[in-house]
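A quick write-up on the structure given underneath.
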4 protein chains.
Amino acid sequence: MIITLKKDTPQKEVERLISQFEGYGLRVNIIHGQNWNVFGLVGDTTHLSERDILADEWVTNVQRVQAPYKLTNRMFHPEDTVVDVGGIKIGAGQPIALIAGPCAVEGDEELCRIAEDVKKAGATMLRGGAYKPRTSPYSFQGLGTKGIMYLDHARQLTGMPVVSELMSEDKIDEFEKYVDLVQIGARNMQNYNLLKAVGKMKKPVLLKRGMSATIEEWIMSAEYIIANGNPNVIFCERGIRTFEKYTRNTLDIAVIPIIKEKTHLPIIIDPSHATGNWSLVKPVALAAVAAGADGLIIECHNDPAKAWSDGMQSLKPDNFADLVRDAAKVAEAVGRSL
Amino acid sequence: MIITLKKDTPQKEVERLISQFEGYGLRVNIIHGQNWNVFGLVGDTTHLSERDILADEWVTNVQRVQAPYKLTNRMFHPEDTVVDVGGIKIGAGQPIALIAGPCAVEGDEELCRIAEDVKKAGATMLRGGAYKPRTSPYSFQGLGTKGIMYLDHARQLTGMPVVSELMSEDKIDEFEKYVDLVQIGARNMQNYNLLKAVGKMKKPVLLKRGMSATIEEWIMSAEYIIANGNPNVIFCERGIRTFEKYTRNTLDIAVIPIIKEKTHLPIIIDPSHATGNWSLVKPVALAAVAAGADGLIIECHNDPAKAWSDGMQSLKPDNFADLVRDAAKVAEAVGRSL
Amino acid sequence: MIITLKKDTPQKEVERLISQFEGYGLRVNIIHGQNWNVFGLVGDTTHLSERDILADEWVTNVQRVQAPYKLTNRMFHPEDTVVDVGGIKIGAGQPIALIAGPCAVEGDEELCRIAEDVKKAGATMLRGGAYKPRTSPYSFQGLGTKGIMYLDHARQLTGMPVVSELMSEDKIDEFEKYVDLVQIGARNMQNYNLLKAVGKMKKPVLLKRGMSATIEEWIMSAEYIIANGNPNVIFCERGIRTFEKYTRNTLDIAVIPIIKEKTHLPIIIDPSHATGNWSLVKPVALAAVAAGADGLIIECHNDPAKAWSDGMQSLKPDNFADLVRDAAKVAEAVGRSL
Amino acid sequence: MIITLKKDTPQKEVERLISQFEGYGLRVNIIHGQNWNVFGLVGDTTHLSERDILADEWVTNVQRVQAPYKLTNRMFHPEDTVVDVGGIKIGAGQPIALIAGPCAVEGDEELCRIAEDVKKAGATMLRGGAYKPRTSPYSFQGLGTKGIMYLDHARQLTGMPVVSELMSEDKIDEFEKYVDLVQIGARNMQNYNLLKAVGKMKKPVLLKRGMSATIEEWIMSAEYIIANGNPNVIFCERGIRTFEKYTRNTLDIAVIPIIKEKTHLPIIIDPSHATGNWSLVKPVALAAVAAGADGLIIECHNDPAKAWSDGMQSLKPDNFADLVRDAAKVAEAVGRSL
């Protein structure tokens, strides 16, 4: 960490700051310039916050040299992490995971039907929301435990592992038992109590990026989970909120290589939420595969117009099958497979 | 709700849609144009989602005429709501509330000292975080229950009601007992389980705006709380995330008159988080008062450089006193008082 | 256009509005609802602005049904436009154009060398800035006319058409004579006088998206050019400005299918400016090809560290060659070629 | 400027970089750390670009200590600049300037009438667009020279100086002759050729902030004007583009104290464009005065519903008069006057 002091900082303040940083177990290198003094802090600075240091009236600038994360940091963990989700391996060197299913679980029969349809089309995992974060308290909030049971049924029927969103700590036992990949939704990406709680789970976690989370904040949320004991985190980019309103969100395609460079964890892409429009899902999904994504999570529904939520961004099974066919070709072009 | 269908929508699809909407208990008015058909839906449409209707392949556009919220809506509740927080009344026609205190509770003695200092300077309520949402798992996470007890002590000492952030449902009993105003932080504004839970509390709620929440989403989160039984909600704007990084966030000053127009609830402003820089707090606070805010919540610390968090945006007590003096003049200029 | 009036709009105001719209040559269809009156306007509404109609105190909502653009609109021009740039055809069904070269032209020899290098690696057109829009007045502003002459020389040497940015009307003759594709930069996307001026040129135009331009505003800028007489417009997405600062901009990958759906014009992608970081250029470029882009424009330099501008995002020729090899495979996977 | 090199940068690269920076006329101070080498550059670094230095493969971080602007920088120019606009002084210690008038000049009679009305209500300057930057080529583009002549007439009639937007260099003579304050619009804030041209004018310049311009970019645009010879620049904040769409833009209220701290130039606020909604103009204008603005520029129209543009955000003269009355009280509260 490089710390710049104000011009004319009195010597006793310089000394106070030195002993403050040495008190944190750091070694302090000093440079005296004509217009400033600079400290280089050597040691583990992950527990220091730039803003807290900037609170000192003699500090004008703080520049972090090392990332504030350790457990997720590729620098300390050069090899790629592969996460096992109910037997399906997700990560570098593995086939690209194809997760598909309805936005919300709507019924046992409906779920089993779409599960079989997407499996036939090439999906390897089933998604479905039983607890739904809805903007309005008057909207359908999900089937709850019943929905989880239907997912369990669909898994038994098709053999596909299931992913579903966990919204509160009091359902952790249920998810530990019945859900193969525990999703933390965008709105809860900085619900730190929930992150700590899933950090104690045995099931892998799918960590969606918050609507306006920076890449570093997102990685820090993964760090929360790993620091609490659960190393099996998969990132999921689902678009960020920008001024552009033609699409529901704006997919940040560059995060794929960035996450691969900064961390050792897998990353998958959700083109359904990123675009909010089924007709854009395929081109964006192909782009994600070309850029190196380890998987895709796609909303599918047999009758989108009748979906209880997000029908607008749901693919019908044959459109999904078409996407899978083309994604396979793009995957091959970049040296991977589905 | 005004729904536009595609040109050449077959008559049987028009009829299907009519009976679908009538099935929701709505009356359907139809307009046939040269290039489109339009439905006007009459009745309560708050439970309908624009996006869900857009999922129908024959629908091209959906325009909501009435807001999707009812309980917070000034249209159905023309008189201003005044919220009583431990004897301090917040809202239209009341003195502007002055809430001050440290970002985080750091110790009993430190808290009592700053509490007395800000009270002397004019504060009417005390803020202090006992549970802190920190980006890094390695940062100080708050004193927890001990911090709440110190707040209780400071209240007994000074008589000021206290506000503190609630981060998870398992602390609700503690907050119901010891905290006068329960803060929901920006990161949890769409943690719907937590919103439902505080909706069942008896204590009033301070609802911070999410970093990238639209005004409508923010109001809908208040609607969650009220719909669950707690009518005492105060909005708190703390800046939104934009491309501009000179300030920590960008204060959306226009929300003050907007919230007043759309809802009947009080709104207060947090210039500390909005700017992230103590030297900007005063001008922004004065602006908020001029624009009609019902209160200010301001971070103060006796020694900001040593604050365990957010010292950079904390005022010293005498700067706070100076702010209060000028805020009183601006309040008077707009027909209010502190 | 669907216009919603306030509840209780007096009959004479309704009639005034009807005759106002009829005065614009439109036919007005009316729907009377319990809570509102709605007008459906039939006819050409491109010259009406939603905001201007909203200025009427009796209007609560305006919803455009038809896009405000005509000449760029695929609805009125279903077949794809292919633009000929000095013999290279750009657009649907054509090979994907590969435009490469330095950010700024730095010298005759340097330019010819990089031109030959990128041509060998697969480029079909040469880029190079002679007039540079720099944030600082103290930064290198480009070689000007001399730079244009070097581009001309490089074209003669390699046979590649050249693209360069035009910043003001007084250089139009120079560009008409020596530049094959006239670039309008992001900062000038809404410099309407310049748009009108290039609309009168004979050379095709590369229209970069403004840093915070909506897709509709971008298309409207193309409409300005075409409406002034120049139908040969190519869109170029170069990333938008968002809260995320790890990359220089955020590439909006979904605009590729959106521009293809809304307009009949070609679209190319600039992964160099979109990411600002050479190590991200290749994955983002492959993503663009997979999503259907008609071309790529990529900054290349023989010695990026010594580039006079934007070295940070410039590829060395052999990295560019590597990109081209992989892009060819991805292009084939989506049924195209380079 | 503080430059951090990679761990293990070879000695010969360190030496190459030192001589490179010394070649720029800078003195280089070196700090050797365990994990990095840091250079402190002493001297004038305004002509260096952080990104250009980052292009060097051995550099990991660049931190600017001194701002990249000089002529606008308060550090080198501690006293406030007051700009004289046709006899009206704008800046610190002066009465708050009240600029009002229609969005677009629509006719001689209409302009004179609104000019007299706003003057009576307290305005000291007249605004009116003769050249209008419109998103659509089919919208009214302004009356051009005729509009400028009407402004001249209104000035003669009322004695108020006039402000109008200049969109291209070929009208500079006209503006030099007839316009007292030359406005550079948001869309042209980085039209550097136009900035250089107005830098050679004798009339003061009102520099609007670009829709997504950072504060630093905005100041750098002022630096362009001053560096070309015109020291009379007034900043005008008119809202920035964010995800929030309820208002047309989001007013960045904190820029008022920031511009005052960083530069010595005046700043005025445009609440009409910032909100896009006449009912929000007054509270936002009062906020601006409370935060320290040196002036307000407000759209007024005698019949907003019939305005040729931006009627939605225009005040009627008596609403403007009401705003002036309250603004005077707020101004007094913060130690100023209108």
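The values are calculated or read from the model by the stated rules, or taken from the named source; none is laboratory data. The model shown is predicted, which means the values in this text are computed figures rather than measured ones. So basically every Cβ, Gly included, is an ideal-geometry build from the backbone, and we count neighbours across all protein chains shown.
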Looking at this structure, is B:Ile2 free of Cβ contacts under 8 Å to residues at least 24 places away in the same chain, within 15 Å of C:Ile31 (Cβ to Cβ) and either out of contact with any Leu (no Cβ under 9 Å at 6 or more places or on another chain) or not acidic (Asp, Glu) (or both)? no
Can you pull out every residue in the range A:1-45 that is assigned to a helix (DSSP H, G or I) and basic (Lys, Arg)? A:Lys12, A:Arg16
Assess whether A:Asn191 counts as being under 14 Å from the mean Cα position of the chain (by Cα) and without any contact (Cβ under 8 Å) to a residue 60 or more places away in the chain. yes
The range B:295-332, residues that are assigned to a helix (DSSP H, G or I), of a type in the set (Gly, Ala, Ser) and more than 8 Å from every other protein chain (Cβ to nearest Cβ): B:Ala321, B:Ala327, B:Ala328, B:Ala331
Among all residue pairs at least 6 apart or on different chains, which show Cβ distances below 9 Å where the first residue, located in the range C:97-124, is farther than 22 Å from C:Ala305 by Cβ and at pLDDT 95 or above and the second is among the charged types (D, E, K, R) and surrounded by fewer than 24 Cβ atoms within 10 Å (Cβ to Cβ)? C:Ala97/C:Lys89; C:Gly122/C:Arg325
Could you tell me whether any residue of the range D:266-278 is β-branched (Val, Ile, Thr), within 14 Å of chain C (Cβ to nearest Cβ) and part of a helix (DSSP H, G or I)? yes
Conditions first: (1) within 30 Å of C:Gly43 (Cα to Cα); (2) within 14 Å of chain A (Cβ to nearest Cβ). B:Thr72 passes all but one, so which condition is the exception? (1)
Kindly establish whether A:Thr247 is touching a Gly at 6+ places or on another chain (Cβ under 8 Å), within 11 Å of chain C (Cβ to nearest Cβ), touching a residue at least 12 places away in the same chain (Cβ under 8 Å) and farther than 24 Å from A:Val182 by Cα. yes
I'd like to know if the range B:119-142 contains one or more residues that are in contact with a Leu (Cβ under 6 Å, 6 or more places away or on another chain), buried (at least 19 other Cβ atoms within 10 Å of the Cβ) and within 14 Å of another protein chain (Cβ to nearest Cβ). yes
From the options B:Gly229, B:Gly276, residue that is within 22 Å of the chain's Cα centre (by Cα) and under 30 Å from A:Arg241 (Cα atoms): B:Gly276
What is the number of the single condition among (1) crowded, with 21+ Cβ neighbours inside 10 Å; (2) within 8 Å of chain A (Cβ to nearest Cβ) that B:Ala227 does not meet? (1)
Hits in the range D:285-330 - residues which are within 17 Å of B:Asp326 (Cβ to Cβ) and buried (at least 20 other Cβ atoms within 10 Å of the Cβ): D:Leu286, D:Ala287, D:Ala288, D:Val289, D:Ala290, D:Ala291, D:Gly292, D:Ala293, D:Ala327, D:Val330
Quick one: which of B:Gly292, B:Gly335 is away from chain A (no Cβ under 14 Å), touching a helix residue (DSSP H, G or I) at 6+ places or on another chain (Cβ under 8 Å) and closer than 18 Å to B:Ile96 by Cα? B:Gly292
Can you confirm whether the range A:31-45 contains a residue that is at pLDDT 90 or above, more than 14 Å from chain B (Cβ to nearest Cβ) and over 30 Å from A:Gly335 (Cβ atoms)? no
For A:Glu13, which of the numbered conditions (1) in contact (Cβ under 8 Å) with a residue 12 or more places away in the chain; (2) under 26 Å from A:Tyr224 (Cα atoms); (3) of a type in the set (Asp, Glu); (4) within 14 Å of another protein chain (Cβ to nearest Cβ) fails to hold? (2)
Given the criterion at pLDDT below 95 and touching a strand residue (DSSP E or B) at 6+ places or on another chain (Cβ under 9 Å), identify the matching residue among B:Phe140, B:Phe175. B:Phe140
Within the range C:49-129, which strands (runs of 3 or more DSSP E) (wholly inside it) include 1 or more residues that are not assigned by TED's automatic domain parsing to the domain that holds C:Met160? C:59-63
Just for the range C:1-60: of the residues that are surrounded by fewer than 16 Cβ atoms within 10 Å (Cβ to Cβ), acidic (Asp, Glu) and more than 24 Å from D:Thr275 (Cα to Cα), which one is farthest from the chain's Cα centre (by Cα)? C:Asp8
For B:Arg64, state whether it is within 12 Å of chain A (Cβ to nearest Cβ), basic (Lys, Arg) and over 26 Å from A:Asn302 (Cα atoms). yes
Taking into account only those residues within the range A:254-264 that are farther than 15 Å from A:Leu296 by Cα and crowded, with 24+ Cβ neighbours inside 10 Å, which is farthest from the other protein chains (Cβ to nearest Cβ)? A:Thr263
